[in-house]
Amino acid sequence: MAAQTEESDTAREQTKAEQDVDQVRQRAVRDQQRLDSGAVTSPKDLENLQREIASLAKRQGDLEDIVLEVMERRESVQERVAELTERVASVQSKIDDATARRDAAFDELDGEAAAVTKEREVIAAAVPADLLKLYDKLREQQGGIGAAKLYQRTCQGCRQELAITELAEVRAAAPDTVVRCENCRRILVRTSESGL
Ligand SMILES: [Zn+2]
């Protein structure tokens with residue numbers, strides 16, 4: 001935006017400089033016509049007129065230099081505007097791409113969440129009410145994880161390895177007994193990989 005503002009400022013500057021040149025040129029043309037018409041006869045007036053024409057020519061040259069200088073500046077600003085416009089377009093296309101990928105990921109996650117929620121409902125219906133109550137309470141207390149797998153003697157909830165005595169207790173517990181981690185109090189889920 002700054003570059004575009006600079007470009008329009010420079011365009012205005014160029015118009016103004018060109019108008020200045022035009023004004024001087026027109027005046028010189030008028031003077032020349034008067035000189036050529038032969039209407040001016042006094043040697044002093046003729047001399048003044050010729051001097052003015054010469055000074056106007058010099059002034060026109062100076063003003064034309066200014067026009068050229070402004071045009072050069074404007075050209076470089078235009079190049080900068082074009083370059084920045086291209087960069088904006090490239091960044092915008094990256095944003096569009098990232099937005100599309102994010103939206104697709106959201107859709108996928110929504111679908112996954114719906115499927116998991118349904119699955120959970122089915123499983124929860126089969127769990128005894130008091131166990132479900134305990135699980136929900138622990139889940140609330142333990143950052144969303146109420147039960148953890150016991151994997152190679154380690155509680156996957158708190159990542160602590162079970163002590164020997166604790167392991168012995170878990171080993172001795174009946175398969176339908178609810179065992180819990182001594183460290184984090186989560187329900188421990190025993191599997192063939194529990195290392196018991
Ligand atoms: Zn634990």
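Values for this structure:
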read-out: Residue that is nearest to the ligand (Cβ to nearest atom) [pool: residues in segment 151-196 that are part of a helix (DSSP H, G or I) and surrounded by 15 or more Cβ atoms within 10 Å (Cβ to Cβ)]; value: Glu166
read-out: Matching entry among Val24, Val40 (being surrounded by 14 or more Cβ atoms within 10 Å (Cβ to Cβ) and outside any helix (DSSP H, G or I)); value: Val40
read-out: Which listed residue is among the acidic types (Asp, Glu), on the phi < 0 side of the Ramachandran plot and surrounded by 16 or more Cβ atoms within 10 Å (Cβ to Cβ), from Glu47, Glu69, Glu64; value: Glu64
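We did not get these values from a lab; they are worked out from the coordinates using the rules stated. Just so you know, these numbers come straight off a predicted model, no measurement behind them. As a convention, Cβ positions derive from the backbone with ideal geometry for all residues, glycine included, and neighbour counts pool all protein chains shown.
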